[in-house]
1. Would you say residue 291 is within 12 Å of the chain's Cα centre (by Cα), farther than 19 Å from residue 245 by Cβ and part of a helix (DSSP H, G or I)?
2. Step by step: first the residues of the range 18-66, then only those that are within 23 Å of the chain's Cα centre (by Cα) and small (Gly, Ala, Ser), then the one that is most open to solvent (accessible area, probe 1.4 Å). Which residue is that?
3. Of the conditions (1) in contact with a Gly (Cβ under 7 Å, 6 or more places away or on another chain); (2) surrounded by fewer than 23 Cβ atoms within 10 Å (Cβ to Cβ); (3) of a type in the set (D, E, K, R), residue 341 fails just one. Which one is it?
4. Which numbered condition trips up residue 286, out of (1) part of a loop (DSSP other than H, G, I, E, B); (2) over 15 Å from the mean Cα position of the chain (by Cα)?
5. Specify the residue that is modelled with the lowest pLDDT; the eligible residues are those in the range 424-436 that are open to solvent by 20 Å² or more (accessible area, probe 1.4 Å) and either part of a loop (DSSP other than H, G, I, E, B) or hydrophobic (A, V, I, L, M, F, W, C) (or both).
6. When residue 353 is evaluated against the numbered criteria (1) open to solvent by 20 Å² or more (accessible area, probe 1.4 Å); (2) assigned to a loop (DSSP other than H, G, I, E, B), which criterion, by number, is the only one it fails?
7. Among the numbered conditions (1) out of contact with any Lys or Arg (no Cβ under 7 Å at 6 or more places or on another chain); (2) over 16 Å from residue 216 (Cβ atoms), tell me where residue 58 comes up short.
Amino acid sequence: MDHTTTAGSVAAATNAAPKTPLYRQLYFWVLTAIVVGILVGWLAPSVGVAMEPIGTTFVDAMKMLIGPIVFLTIVGGIASVADLKKVGMTGLKALTYFQVGTILAMIFGLVAINLFRLGDGVNADADSIETSESAAKLIDAGANQEWWQFLTKIIPESMAAPFVEGNILQIIFIAVVFGIALNAMGKVGAPVLDGVQRLTGVMFKILGFIMKAAPIGAFGAMAYAVGKFGVSSLTSMGGLIALFYITSILFVVIVLGSIMLFLRLNIFKMIRHLKEEYMLILGTSTAEPALPGLMRKLEHAGVKKETVGLVVPTGYSFNLDGAAIYLSLAALYIAQATNTDLTIGEQLGLLAVMLLTSKGAAGVAGGGFIALTATLTTLGTIPAAGIMLIFGIDKFMSECRALVNFTGNAVATLFIAWWDRTLDADRARRVFNGETVEPMPAEDPVHLDDVTDVDEDLTEYGHHGPKHPAGAHAVPAHSAAVEPSPAADRRPAYSESI
């Protein structure tokens, strides 16, 4: 009996992931930087405002990598599959899921603001509301925004323009077309595919370097936000902010948690597994810097590369659960605050309009406010100038929007993989439990959390060590270019992971 217990303990210890000291984990330093940034912005607002370049520079450095990583990942995924019909079906399933998820998120927002009616008693006169210059630009952009524009603008004017402008939708379009063409080239395209995989490794190596500066970037962004907007805005409309946060948490726990339960996975364990990415989002108020880490960790958790490469980037434009909650809640709050009575039918019509206008603003700077203004302008019953009532507190809700959007895309990718019958649920469960698992076939045998480790030894970031165990038959890197016909063999032998 004692022997069995000891053996079980040894096995458990073997499967458990090695513990990294707290002071060497990125999320600890990002969290510390966030706290320090809040204190600096609160106690010395002028100093906090002066920290803006630090935060924006880090975010810009991360955004610099988003386009190439999205492009290379999608191209590599599509070009490596044997059946392109499966890629198309995956895309259709993803878009269907995104629409259903957006509807549920908007319903949560509508129900919350109808129950608590925080706008009642504000009695704002729409004609006397003064709009700031920055808000006026967003209102003007929203008034001229049509829901169908994302269809016409998805095709770029040139191949380079989307990467310069950071237009994710257009990058996805180019990547899908390029990946299909590369797949159709067969053996001739194998060397190009091998180059794509190598470039992907280079991009993630650069990502590892930039991630070292994440605590500094989070400090600058948070110090600026608190110093610029102060805590007065937070306290004056704390009720609306609290309602948005509580509604978002309930949506994550009830809706997204139920989906994870259906997959026999635990959403809280998934959140813990992605803690580094959550800290990064919390510090920078945007989910974009966390996109590469999410893609790598989902691949490691047992989701096929082509599924991750297609669903995650597309979800960043079309599956915005946090933004959907915000849109419905904010629109109804403005209606209540300006004494605009809406029937249940009119509110459902508002929801239908938001489903379209929110897609029209996908990938656009200030997209949330543009979508909100476009909705109010299209509906015509709620004054668009009313967005000034919530303009000052938008910054305090952006973190929550980004966190919910990020969580929604993680769950969506797992669900779509299950729908495609390609999800290794047992592997995902073990990864989320913190167990050590064997690398996927396309991965180097390194720990995925190394991308967010602050160890100074950069050799941990996807080294160029042996790809095969001792004694195993080594396959030369050029062999993939010789016989790439089977689906598993179309992937080049070299594939660097972080």
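The values are calculated or read from the model by the stated rules, or taken from the named source; none is laboratory data. What you see is a predicted model; the values in this text were computed from it and never measured. Positions of Cβ are generated from backbone atoms using ideal geometry, with glycine treated the same way; all protein chains shown enter the neighbour counts. Accessible surface is based on the protein model in full, side chains and every heavy atom, while ligands, DNA and RNA are left aside. Shrake-Rupley method; radii C 1.70, N 1.55, O 1.52, S 1.80 Å.
1. Working: within 12 Å of the chain's Cα centre (by Cα): yes; farther than 19 Å from residue 245 by Cβ: yes; part of a helix (DSSP H, G or I): yes.
It is true that residue 291 is within 12 Å of the chain's Cα centre (by Cα), farther than 19 Å from residue 245 by Cβ and part of a helix (DSSP H, G or I).
2. 61
3. Going through the list (1) in contact with a Gly (Cβ under 7 Å, 6 or more places away or on another chain); (2) surrounded by fewer than 23 Cβ atoms within 10 Å (Cβ to Cβ); (3) of a type in the set (D, E, K, R), residue 341 breaks only (1).
4. In the conditions (1) part of a loop (DSSP other than H, G, I, E, B); (2) over 15 Å from the mean Cα position of the chain (by Cα), residue 286 misses (2) alone.
5. Only one residue fits best here, namely 436.
6. Status for residue 353: all satisfied but (2).
7. For residue 58, the failing item is (2).
So that you can scan it fast, the table gives a plain yes or no per residue for (1) open to solvent by 80 Å² or more (accessible area, probe 1.4 Å); (2) modelled with pLDDT of 90 or more:
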| site | (1), (2) |
| --- | --- |
| 148 | yes, no |
| 154 | no, no |
| 181 | no, yes |
| 187 | yes, no |
| 194 | no, yes |
| 199 | yes, yes |
| 208 | no, no |
